[in-house]
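FYI, it's all coordinate maths here, none of it is from the lab. Quick caveat: nothing in here was measured; it's all calculated off a predicted structure. Cβ placement follows ideal geometry from the backbone for every residue including glycine, while neighbour counts extend to all protein chains displayed.
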Number of protein chains: 2
Amino acid sequence: MNQTIETMLAHRSIRAFKDEPLTDDQVFTLVKAAQSASTSSYIQAYSIIGVKDQEKKKKLAKLAGEQSYVETNGHFFVFCADYHRHHAAAEMHGTTVTETTQTTEKFMVGLIDASLAAQNASVAAESMGLGICYIGGIRNALEEVSDLLNLPNYVVPLFGLCVGYPDQAPDVKPRLPLKNIYHVDEYEQNTDVFKESLREYDQTISAYYGERTGGQRTAGWSSLMANKLTTPVRTYMKKFLENKGFPLK
Amino acid sequence: MNQTIETMLAHRSIRAFKDEPLTDDQVFTLVKAAQSASTSSYIQAYSIIGVKDQEKKKKLAKLAGEQSYVETNGHFFVFCADYHRHHAAAEMHGTTVTETTQTTEKFMVGLIDASLAAQNASVAAESMGLGICYIGGIRNALEEVSDLLNLPNYVVPLFGLCVGYPDQAPDVKPRLPLKNIYHVDEYEQNTDVFKESLREYDQTISAYYGERTGGQRTAGWSSLMANKLTTPVRTYMKKFLENKGFPLK
C-alpha cells in the first residue's frame, strides 16, 4: 500500500473548513493535476472556474441549498463540460461543429472529461493535506449559476468542489460490498445473490449510522435510496441543457 | 510537489502492455481505490466489470475499433453507470424509482460517479508503477458490449480501462494553456484573448507533433478538433440509452 492509495482510502468529504485561502501556487498545482487526467481523443472538453469573489461564493452557497462550506473554504471550483472552445476552433478554421456537439455522445464525453479532471484535483488536494467536498447542489439552479459565472453557450456547470484546510475529522463512510459493485466477465445474474449483498450492506450502514446517532438513525442503504429516489429532482435539466446548446440528439 | 502529484503530472496513456496479468490482490486494491472516490449523496451509481475471459477481451478489442491493447494487458475493466441496484433496493422496500432514474439529472449523476471512481483506479494503478489507457472506443457498439457482459437494464457501459505493465514509454502530451481552461470568477469574456490562447496552444502542439513525426504532421490542436468534430459519431446513443431505461427526461 503506497501513500497515494492510502490517501484515497482515507477519503471522506469535509464540510467545515478553516477560513484560510489557498495560495495561487496551490490552486495552479490543483488545476495542472486536473489537466493531467486522461481526456477523450485529446478533446479536453471541460473548463474550471475558480470562484474568489466572496459575494459570488455567498450566492453559490445559497443556490446550492444553504451549504455554508461553499462560502467558507480555502478555494471553490466549479467544473463545467465545455465545447465553447471547440466552436471557437471551428470558427478559426471556417467550419462548424454544432451538429456534433449536439449529440448525446459528445455530452457524455464532456461529463466524463470534466469528472476525470475533478477527481485528479481532489486526490491532489488530499495528498497535500487539504480536504474536499463535491457540491452537486449547484445543479439545483444551473441557470442562475451559469449567469453568475457568465458562462457562454456550450458550457454547462456540473458540480462545485470545495477545497481547504479541514476543520473537522469525520469518519470514512463504508462503501458497497466489493461483490456488489465489481463483477467478473458478466454482471451478476442471480437476483438473490445480488439482493443478499445489498442486505449485508444494509446491516453495515445501519450499524454505522446507529453508532453515530446513539441509535436514532438506523436505516440501511437500500431504504435510504428507495426513499430518496422515489421523487424526481432537478427535472428542469433537459430544458436547461437544450438552451445551453445541448439538445442531446 | 509530492509523489501523488508527480504521478499525476507524469500521466500518459499506455497502448502497449506486457502480457502479464494483474494479481487478484492488485485488482481488488484498484476497485477499493475506485470505490473510495466521492459519490453523489452516497448513491454509488456505477458498477465495474473486470473482463478476464480472453475470448470476450478479443471481441471487445474488435468492437472498440481493433485496439490490440484491449486484448493484451494486465487487466481490462469496463466502467458502467448503474441504477440496477437502486431498482432492486426499491423492490425490496415496495416502492419504485423509475420516474427518477429516467431523468437527465440522474443519468448525469451516474456518469459523474463512474468517472470519479475510474480516475481513482487509474491514479492508483499509476502509483503502483502500472500504465493505463481509457477506451472510449467501446461506445462504438454499446449494444454488443452490453450483450457480451450480460448487463441488465439501467446499466450503461461508459468506457473501458486497460491496466498493465507498460511495454512502451511515450511522452507526456501538452495540455491546453492554463488561462484557456481555468477562469477566475467568470468565464473569459474577451473572444480575442480566448482565441489568442488557442493559437498559442496550436504552436505548442504543432511543434510537439512535428518533432515526433520528422515534420510530417504539424497540425495544431484547433484544426485537429475542427476536423474531428465536423462529422457526428455514435449517433445511435440516444436510442440505445432509451432502450436501457434512460430516456433522459
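Among (1) under 15 Å from the mean Cα position of the chain (by Cα); (2) of a type in the set (Gly, Ala, Ser); (3) surrounded by fewer than 19 Cβ atoms within 10 Å (Cβ to Cβ), there is one condition B:SER47 misses while meeting the rest; what is its number?
(3)
Give the residues of the stretch A:171-187 that are at the interface with chain B (Cβ under 9 Å from one of its Cβ atoms) and within 25 Å of B:GLY160 (Cα to Cα), sorted by residue number.
Scanning the stretch A:171-187 gives A:ARG175, A:LEU176, A:LEU178, A:ASN180, A:ILE181, A:TYR182, A:HIS183, A:VAL184, A:ASP185, A:GLU186, A:TYR187.
Run A:TYR209 past the list (1) crowded, with 21+ Cβ neighbours inside 10 Å; (2) out of contact with any Pro (no Cβ under 6 Å at 6 or more places or on another chain) and report the number of the one that doesn't hold.
All conditions are met except number (1).
In the stretch B:7-35, which residue that is at the interface with chain A (Cβ under 7 Å from one of its Cβ atoms) and without any contact (Cβ under 8 Å) to a residue 24 or more places away in the chain is surrounded by the fewest Cβ atoms within 10 Å (Cβ to Cβ)?
Checking each candidate, the answer is B:PHE28.
Which residue pairs have Cβ atoms closer than 9 Å, lie 6 or more positions apart in sequence or on different chains, and pair a first residue in the stretch B:53-64 that is in contact (Cβ under 8 Å) with a residue 24 or more places away in the chain and among the small types (Gly, Ala, Ser) with a second residue that is surrounded by 19 or more Cβ atoms within 10 Å (Cβ to Cβ) and part of a loop (DSSP other than H, G, I, E, B)?
Within 9 Å, the pairs are B:ALA64/B:ALA141.
I'm trying to understand the selection: among the residues of the stretch B:85-101, which are more than 18 Å from A:GLY137 (Cα to Cα), within 8 Å of another protein chain (Cβ to nearest Cβ) and touching a residue at least 60 places away in the same chain (Cβ under 8 Å)?
B:HIS86 - this is the single residue of the stretch B:85-101 that is more than 18 Å from A:GLY137 (Cα to Cα), within 8 Å of another protein chain (Cβ to nearest Cβ) and touching a residue at least 60 places away in the same chain (Cβ under 8 Å).
Hey, among B:ARG139, B:ARG199, B:ARG217, B:ARG175, which residue is free of Cβ contacts under 8 Å to residues at least 24 places away in the same chain and within 18 Å of the chain's Cα centre (by Cα)?
Matching residue, one of B:ARG139, B:ARG199, B:ARG217, B:ARG175: B:ARG175.
When you look at A:SER38, is it within 7 Å of chain B (Cβ to nearest Cβ), part of a loop (DSSP other than H, G, I, E, B), surrounded by 14 or more Cβ atoms within 10 Å (Cβ to Cβ) and of a type outside the set (A, V, I, L, M, F, W, C), yes or no?
Yes, satisfied.
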